[in-house]
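Accompanying notes for the structure given below.
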Amino acid sequence: HQLVAGAVSVDLFALVHEIWHPHTVQAEARQLKVQWKLTPATVVADPALLRSVLGNLFENAVDYAAAGGEIEISLDVTGPEARVRVANTVENLGADDVAKMFDRFWRKEEARSGGKHFGLGLSLARMFAEAMGWKLTAALDARGRLEITLAGPVQG
């Protein structure tokens, strides 16, 4: 992978906590149960792009999780790769929807976002991830939750 010029060593464990912090009030207001499974990891990334991607993933999870549902944020390292997974309970989201999530301007339901989301966030997040040599993918997990995974190189 070709790394962008701004790639430096980043404490991903600390950054995940820092980027999540502003979302705690909204998560509590929506009565979301947040679960953490974090392993310390230092990665190679552009800090500004990584902040933007994580911020988008957390904002989407808080805004689109079923009210009273749950969000699980995990960080693990396997070999040369660190993975941040953001899983949240969803309503009325199928595999066809997941396949379109990274398309520009795609939104499942305009009414649900209250005009706050314009269908660009995940498209831009994937572009930012790829610019760093990272991968951003989405799937429904075994429990039917939306799981978005951001994967990139650990500091070697």
> DSSP H helices in the chain with Cα extent of 20 Å or more along the helix axis and mean Kyte-Doolittle hydropathy at least -0.5?
Replying inline: 47-64
>> 5 Å is the cut-off here: which amide hydrogens, built 1.01 Å from N in the peptide plane, fall below it relative to M132, excluding neighbours closer than 5 in sequence?
In response: none
> Using a simple spin-label model with points 7 Å from Cα along the Cα→Cβ vector, what separation in nm is obtained for K33 and E91?
Replying inline: 1.8 nm
> Longest span of the chain, sites excluded, free of trypsin sites (Lys or Arg not before Pro) in DSSP loop with at most 13 other C-beta atoms within 10 Å?
Replying inline: 1-103
> Over the chain, what is the mean sequence separation of C-alpha contacts under 8 Å (at least six apart), divided by residue count, expressed as relative contact order in percent?
Replying inline: 27 percent
>> At 222 nm, what value in deg cm²/dmol follows for the chain if DSSP H runs of at least 4 each add -39500 (n - 2.57) and the sum is divided by all its residues, to the nearest 500?
In response: -10000 deg cm²/dmol
> To the nearest 20 debye, what charge dipole does the chain have about its Cα centre, counting +1 at the Cβ of each Lys and Arg and -1 at the Cβ of each Asp and Glu?
Replying inline: 100 debye
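Read-outs: derived from the displayed coordinates by stated rules, not from any lab. Source: prediction; values computed, not measured. For neighbour counting, all protein chains shown are included, and Cβ atoms are generated from backbone atoms with ideal geometry for every residue, glycine included.
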